[in-house]
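Have a look at the structure below, then the notes.
Read the figures in this text as sums done on the coordinates, not as results from a lab. Here the structure is a predicted model, which means the values were calculated and not measured. Cβ placement follows ideal geometry from the backbone for every residue including glycine, while neighbour counts extend to all protein chains displayed.
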Amino acid sequence: MFAAGLVTVVIGFCAPRLPDPATADRNGLLRWVVTQDLSQEPYERRLVLARRLEHEFGERVDWPTVGNGLNEPQKQRLWDNVQVLLEPWFADKVDGYFAVREAERRAFVDRTLELIENWKGAAALCADPPPGAGDGKRPGLLEVFAERVARWTRSASPQRRDQVRQFLLAVQTRWLQRALLGAGAAKAL
């Protein structure tokens, strides 16, 4: 019993503290998402983490390489935390859409679509479907995202529901344009 307590104390002193998410580098941000249960963190901290992760990992994420450096519980924690961060990230995107001038909204939506495309690979880190998955497949980020957006929209105020619907319509319209014309041709529109 004493030895277990001593190991816990030693680990507590030896394990480096988590960096401030507002200033953390890529490695510090990864430590946050693979070691912490972000559902227990305050909304403001989750929002900061979502923004910082977007900034640091906004271009391309090589999910297989990220996964190679993680054990199975860390991969699962990362996937769970990506899902937790969807709400503040999405709310920030809705607010951002209405904060930019109308002439800038298409570029804002394009960037949002690129981020979604980039981050949907996070689901590949966890090979096993969750218990009770009907078809034996793990839901991807887009499926999780769509279900959660529907839930958030239902519980939002009427004004917020209208904003969410306008933003989603812009995202869906732009996604369709890009799918039909190709991303490069759609940007020329």
Report the extension gain between Val61 and Ala124 in nm, rounded to one decimal, defined as 0.36 nm multiplied by the number of residues separating them, less their alpha carbon distance. 21.5 nm
Would you mind calculating the gained length between Tyr43 and Asp25 on full extension (0.36 nm times residue separation, minus the Cα-Cα distance), in nm to one decimal? 4.4 nm
Using θ = phi - 60° and Karplus 6.51 cos²θ - 1.76 cosθ + 1.60, couplings along segment 150-167 (whole Hz; Gly, Pro as x): 4, 5, 5, 5, 4, 8, 7, 5, x, 5, 5, 4, 5, 4, 4, 4, 5, 5
Only loop residues by DSSP count here, and only those with at most 10 other Cβ atoms within 10 Å; note down the GluC sites (Glu not before Pro) in segment 30-62 that meet that. Glu59
Restricting segment 50-110 to trypsin sites (Lys or Arg not before Pro) in coil, as DSSP defines it, with at most 16 other Cβ within 10 Å: Arg60, Arg101
So for the pair Arg17, Leu142, with labels modelled 7 Å out along Cα→Cβ, what separation do we get in nm? 4.3
Kindly give the semi-axes, whole Å and largest first, of the ellipsoid equivalent to segment 51-128, taking each as the square root of 5 times a Cα gyration tensor eigenvalue. 28, 13, 9
In whole Å, what are the extents of segment 21-188 along the principal axes defined by its C-alpha atoms, from largest to smallest? 44, 36, 34
What list of ³J(HN,Hα) values in whole Hz, one per residue of segment 86-91 in order, does the Karplus curve 6.51 cos²θ - 1.76 cosθ + 1.60 (θ = phi - 60°) give from phi, with Gly and Pro shown as x? 4, 5, x, 4, 5, 4
Between segment 141-155 and segment 70-118, what is the separation of their alpha carbon centroids in Å? 13
